[in-house]
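One structure below.
The values are calculated or read from the model by the stated rules, or taken from the named source; none is laboratory data. As the structure is a computational prediction, the values presented were derived from the model and not from experiment. Counting neighbours? That spans all protein chains shown, and the Cβs are built from the backbone with ideal geometry, glycine included.
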């Protein structure tokens, strides 16, 4: 297989970006605290490169802020808050701990909300986070 110079440079740049991203995550001190990110940033990162996004967000505590599009339940009856992602077809799904379920009923569509979650992954094209708890008070009003 032959590569022209342009293809080789593009491949080298992509590998350098991947290695830099992996090193940033690996070098983060254990006590650095949660990584703050918006739901739209998560959506964009996973849309651009699932592997790079997973390396950055997959095994980190995250504090995610975004606009609520829906409050629902998954098949196991866990409360799930959906936030606007970067793509209208793929919201960001945040599954709450059981202890947070009652608070979810007070969340309205359009509210700006911040949740703390335990890592992220991509499920059927949508970033999905588990083990989420509310940060501060539940925002009931539209922002």
Just checking, which of 104, 47, 55 is at pLDDT 90 or above and out of contact with any strand residue (DSSP E or B) (no Cβ under 8 Å at 6 or more places or on another chain)? 55
Restricting attention to region 8-24, does a residue exist that is modelled with pLDDT of 95 or more and either closer than 22 Å to residue 133 by Cβ or surrounded by fewer than 17 Cβ atoms within 10 Å (Cβ to Cβ) (or both)? no
Inspect all residues belonging to region 43-51 and state whether any of them is touching a helix residue (DSSP H, G or I) at 6+ places or on another chain (Cβ under 6 Å), under 13 Å from residue 129 (Cα atoms) and surrounded by 13 or more Cβ atoms within 10 Å (Cβ to Cβ). yes
How many residues does region 42-62 contain that are part of a helix (DSSP H, G or I) and in contact (Cβ under 8 Å) with a residue 12 or more places away in the chain? 14
Top-ranked residue of region 129-143 - restricted to ones that are closer than 14 Å to residue 65 by Cα and at pLDDT 90 or above, ranked as surrounded by the fewest Cβ atoms within 10 Å (Cβ to Cβ): 133
